[in-house]
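Notes follow once the structure below has been shown.
Throughout, read-outs are computed from the coordinates displayed, never taken from laboratory work. Computed from a predicted structure; not experimentally measured. Here the Cβ positions follow ideal geometry from the backbone for every residue, glycine too, while neighbour counts run over all protein chains shown.
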């Protein structure tokens with residue numbers, strides 16, 4: 001745990017970094033392949049819609065309270081499935097402590113009577129009492145159509161509000177587009193895995209779909225918030241937009257992993273218990289869609305959404321300017337002497353600093369070197385500012401008398417006694 005904590009600190013401080021933004025073509029190709037496979041599964045295998053969407057037949061079996069248990073419901077489900085009647089994927093649940101509910105696909109009258117006999121034999125119900133203890137009702141598909149319509153309206157309103165929220169919070173419509181593209185990626189892959197598993201699409205599954213929308217966008221918004229913080233005032237920073245966004249992903253990586261693990265562990269336990277031990281289809285439908293959706297949501301918020309955002313921002317002027325400055329710094333760091341002029345034999349003295357200045361004639365040069373003017377005035381330095389040797393700068397004029405220093409071997413300000421300093 002200590003190593004994981006140090007890793008989180010190093011990622012947040014930038015001492016260690018993983019490239020989540022680079023190799024854009026590779027990760028785009030991976031996401032595209034996953035989406036295409038999911039679409040192929042849905043188109044080829046199709047989804048297994050429950051009777052709430054397709055319609056069916058429901059049997060209500062009245063039993064004593066000690067027989068209305070989950071284990072008895074699972075035994076009855078296996079009995080109905082092995083009865084040799086085209087029932088589809090039967091669903092058997094408990095209703096209170098008084099009866100079991102058996103839901104199958106729509107049956108004809110002959111199959112309905114045969115299934116009543118199977119249920120009565122499995123629950124030790126006398127044939128004479130079967131009509132009283134087992135009631136039959138039809139489930140129409142209109143309920144499923146209304147449910148699908150309301151779910152579609154809810155998703156549309158949800159996405160509209162999310163776009164408005166992200167735009168209002170970040171003042172950046174490109175973040176909204178990137179978040180929606182990542183969300184579409186998550187939904188398509190989740191639906192594809194649902195088709196692959198063959199689990200029934202029930203109202204519980206629709207509820208799970210709505211739940212993963214919120215989880216996926218929550219993680220993406222957290223990453224985008226850090227990106228917005230790192231890229232503020234990009235002109236004054238020595239970094240590019242892609243580098244700042246990659247740092248934001250690394251800084252939120254540990255939080256994303258911790259959140260997903262904490263959420264996936266209980267959902268995985270529910271999925272195992274419901275699918276393996278209890279056989280409760282409603283519970284396993286809800287657990288499967290949330291387990292897959294949350295896992296895919298973490299992938300999209302780390303690998304896909306920030307990369308799409310950087311791609312959309314790559315044509316902005318500030319981002320292009322930051323990229324040019326970064327390339328210039330990289331060239332300077334690779335060859336620090338690239339700007340130094342090459343030496344030639346005929347190069348005039350001081351050509352590097354005073355290039356293009358004509359040299360003085362010999363007489364003027366002698367006068368400047370000697371420091372004596374033509375009118376016979378006493379010699380004085382040719383300039384009040386002397387160049388400091390070997391420092392690459394110009395020393396300020398001396399405020400006191402100058403004298404030769406034996407220790408340094410050059411002219412330096414000489415020390416005076418305190419009594420003579422103000423004279």
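Please arrange 27, 184, 20, 160 by how many other C-beta atoms lie within 10 Å of their C-beta, fewest to most.
On the way: 27 16, 184 13, 20 21, 160 10.
Taking fewest neighbouring Cβ atoms as first place, the list is 160, 184, 27, 20.
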Notebook entry, point to check: Once the piece of chain linking residue 328 and residue 261 is laid out straight, how much longer is it, given 0.36 nm per residue of separation minus the C-alpha distance between them?
Noted result: 19.9 nm
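Taking other Cβ within 10 Å of each residue's Cβ, how do 51, 270 sort, fewest first? Working shown, then result.
Details: 51 24, 270 18.
Listing 51, 270 from fewest to most nearby Cβ atoms yields 270, 51.
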Notebook entry, point to check: Plugging the Kirkwood radius over Cα pairs into Stokes-Einstein for segment 56-139, at a temperature of 20 °C and a viscosity of 1.002 mPa s, what D comes out in µm²/s?
Noted result: 172 µm²/s
Checklist line | residue 318 paired with residue 37, simple spin-label distance in nm, labels 7 Å along Cα-to-beta-carbon | finding: 3.9 nm
Note to self: Could you check the spin-label model distance between residue 81 and residue 149? Points 7 Å from the Cα along Cα→Cβ, value in nm.
What the structure shows: 3.4 nm
Next item on the list: Counting other beta carbons within 10 Å of each Cβ, put 174, 324, 237, 313 in order, fewest first.
Entry: 324, 237, 174, 313
Checklist line | Contour minus Cα-Cα distance for residue 93 and residue 109 (0.36 nm per residue) | finding: 3.5 nm
Item checked: Potential lengthening between residue 177 and residue 160 on full extension [0.36 nm per residue; Cα-Cα distance subtracted] -> 5.0 nm
